[in-house]
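Throughout, read-outs are computed from the coordinates displayed, never taken from laboratory work. Everything numeric here is computed off the predicted structure, so don't read it as measured data. Methodologically, a virtual Cβ is constructed for each residue, glycine included, from the backbone with ideal geometry; neighbour enumeration extends over all protein chains shown.
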Amino acid sequence: MKRVVSISLGTSKRDKRASAVFGGLEFEIARIGTDGDKRRFRQLVAELDGQVDCFGVGGTDAFLYAGSRRYAFRETLWLMEPARKTPWVDGSGLKNTLERETIQYLDEHRIVDFSKSRVLLVAAVDRFGMAAALAERAKAVVYGDIL
């Protein structure tokens with residue numbers, strides 16, 4: 001069984017555990033909130049390092065993409081520093097690929113005609129892949145970050 005743990009700076013009230021099968025492999029998936037406690041976050045990473053197959057990082061991003069450049073958030077890298085054996089992801093890869101490709105898919109398959117759509121993207125800085133795809137395809141985009 002593969003164990004995946006997402007450690008979040010968010011509330012512990014939303015902690016969850018679940019089991020699932022993906023591609024014939026069993027997974028145990030857990031979300032652990034630290035209520036904003038950065039020391040607790042690092043402590044959990046250190047305790048679980050080598051005990052789980054992958055960490056997810058929640059409540060913060062490690063990377064931000066702009067064009068072809070990737071920028072790191074030092075604080076998130078510091079939070080994950082105790083992970084010496086276990087790999088980790090923060091979701092920025094999905095934001096840069098899956099979200100961008102979803103907009104392309106919806107447009108190319110005529111599910112949504114973005115060329116006739118005015119779009120409000122509430123958090124463009126955080127949803128950079130989606131923002132880039134919408135900028136290419138939508139009639140108009142309003143970026144909520146700057147409102």
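Side notes on the structure shown:
- A Gaussian network model of the chain, with springs between Cα atoms under 10 Å, assigns the largest mean-square fluctuation among F128, F73, F55 to F73.
- GNM top mover of V112, V89, V57 - the chain, alpha-carbon springs below 10 Å: V112
- Per residue convex hull volume, Cα atoms of region 97-142, in Å³: 58
- Counting other Cβ atoms within 10 Å as a rough exposure proxy, the listed residues I29, I7, I146 run I146, I29, I7 from fewest neighbours to most.
- Here is the list for region 65-147: trypsin sites (Lys or Arg not before Pro) lying in DSSP coil, each with at most 15 other C-beta atoms within 10 angstrom of its C-beta, are R84, K85, R110, K139.
- Dipole check for the chain: with +1 at the C-beta of Lys and Arg, -1 at the C-beta of Asp and Glu, and the Cα centre as origin, the magnitude is about 160 Debye.
- Extending 7 Å from the Cα toward the beta-carbon at both D15 and V112 defines two label points whose distance is 3.6 nm.
- Amide H within-cut-off set for V112, under 5 Å, with H built and near neighbours excluded: D107
- Taking amide hydrogens as placed 1.01 Å from N in the peptide plane, the amide H of S117 sits under 5 Å from those of K139, A140, each at least 5 positions away in sequence or on another chain.
- Under the Debye formula (equal points on every Cα, no solvent term), log10 I(q)/I(0) of the chain at q = 0.08, 0.09 Å⁻¹: -0.29, -0.37
- Distance from the alpha carbon centroid of region 1-54 to that of region 76-98 works out to 13 angstrom.
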